[in-house]
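Chemist: Once you've had a glance at the structure underneath, I'll fire off some questions.
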Amino acid sequence: GAAAVVLMSASAARRYRRRRLGRLRGWGSANDANHITAPARDGSGLVRAVRQALVCAAAQGSEVSAISAHGTGTVYNDAMEMCAFRQLFPGRHIPTASIKGATGHTLAAAGALEVALALCSLDQGLVPPTCGLRRVDDAADGWVAAAPQPFATDGLLLSTNSGFGGVNAALLLQKEE
């Protein structure tokens with residue numbers, strides 16, 4: 001797979017007559033250095049990355065209204081992500097999806113593909129269905145669904161990625177008005 005996302009200022013977008021699909025509000029990265037292929041089960045690296053993104057965006061967790069999760073469909077990764085999300089957003093059920101059930105894992109292209117689709121989600125106010133989802137784990141109940149989920153587009157969409165070696169990244173996207 002492949003994707004490209006062009007970042008430019010508002011003035012450059014006007015000058016080149018490009019439609020602005022969204023705004024990058026914040027970003028963060030962290031490494032849990034847990035294992036060569038397995039994430040830290042407590043989600044600590046992802047929690048740090050998301051908290052950095054929130055600080056960068058000068059935003060609160062309550063402003064996150066949807067999540068584009070890394071969601072590999074593997075037991076350890078998905079459990080780690082839900083553990084992190086539950087720590088970051090206690091008492092909330094945020095519409096969450098992963099596209100890997102539809103695309104497979106596109107390795108290095110995964111983050112860019114997910115951001116491109118996240119921008120479409122912001123435009124439509126819908127988190128896409130999690131393709132192939134048959135049974136929702138108790139930890140993800142109320143978060144993920146096999147059908148599209150509406151969300152408030154006046155908030156932020158969190159896009160996360162977690163990779164081999166314990167690398168974790170988080171982006172906060174906002175709908176462009």
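The values are calculated or read from the model by the stated rules, or taken from the named source; none is laboratory data. Remember, predicted model here, so these are calculated numbers, not experimental data. In this analysis, Cβ positions are derived from the backbone assuming ideal geometry, glycine residues included, and neighbour counts consider all displayed protein chains. The accessibility values were calculated without ligands, DNA or RNA, using every heavy atom of the protein model including side chains. Shrake-Rupley method; radii C 1.70, N 1.55, O 1.52, S 1.80 Å.
Chemist: Taking the range 163-177 only, how many residues are in contact with a helix residue (DSSP H, G or I) (Cβ under 8 Å, 6 or more places away or on another chain), over 16 Å from residue 26 (Cα atoms) and open to solvent by 50 Å² or more (accessible area, probe 1.4 Å)?
Modeler: 1
Chemist: I'm trying to understand the selection: among the residues of the range 56-85, which are more than 14 Å from residue 159 (Cα to Cα) and touching a Phe, Trp or Tyr at 6+ places or on another chain (Cβ under 9 Å)?
Modeler: 56, 62
Chemist: Could you check, for the range 139-156, whether at least one of its residues is among the hydrophobic types (A, V, I, L, M, F, W, C), under 28 Å from residue 20 (Cβ atoms) and modelled with pLDDT under 90? Even if it seems obvious, please write down each step before you answer.
Modeler: Step one: filter the range 139-156 for residues among the hydrophobic types (A, V, I, L, M, F, W, C), giving 139-140, 143-147, 151-152, 156.
Imposing the further condition that a residue be under 28 Å from residue 20 (Cβ atoms) reduces the set to 151-152, 156.
From what is left, the residues that are modelled with pLDDT under 90 are none.
No, the range 139-156 contains no residue that is among the hydrophobic types (A, V, I, L, M, F, W, C), under 28 Å from residue 20 (Cβ atoms) and modelled with pLDDT under 90.
Chemist: Moving on. If I ask for residues that are open to solvent by less than 30 Å² (accessible area, probe 1.4 Å), assigned to a loop (DSSP other than H, G, I, E, B) and either within 16 Å of residue 98 (Cβ to Cβ) or in contact with a Phe, Trp or Tyr (Cβ under 8 Å, 6 or more places away or on another chain) (or both), which ones from the range 124-162 would you list?
Modeler: Once the filter is applied, which keeps residues that are open to solvent by less than 30 Å² (accessible area, probe 1.4 Å), assigned to a loop (DSSP other than H, G, I, E, B) and either within 16 Å of residue 98 (Cβ to Cβ) or in contact with a Phe, Trp or Tyr (Cβ under 8 Å, 6 or more places away or on another chain) (or both), the range 124-162 yields 125, 130, 143, 145, 151.
Chemist: Just for helices (runs of 4 or more DSSP H) wholly inside the range 1-108: which have at least 2 residues that are surrounded by 21 or more Cβ atoms within 10 Å (Cβ to Cβ)?
Modeler: Numbers: elements: 10-15, 44-57, 75-88, 100-103.
Ranges flagged: 44-57, 75-88.
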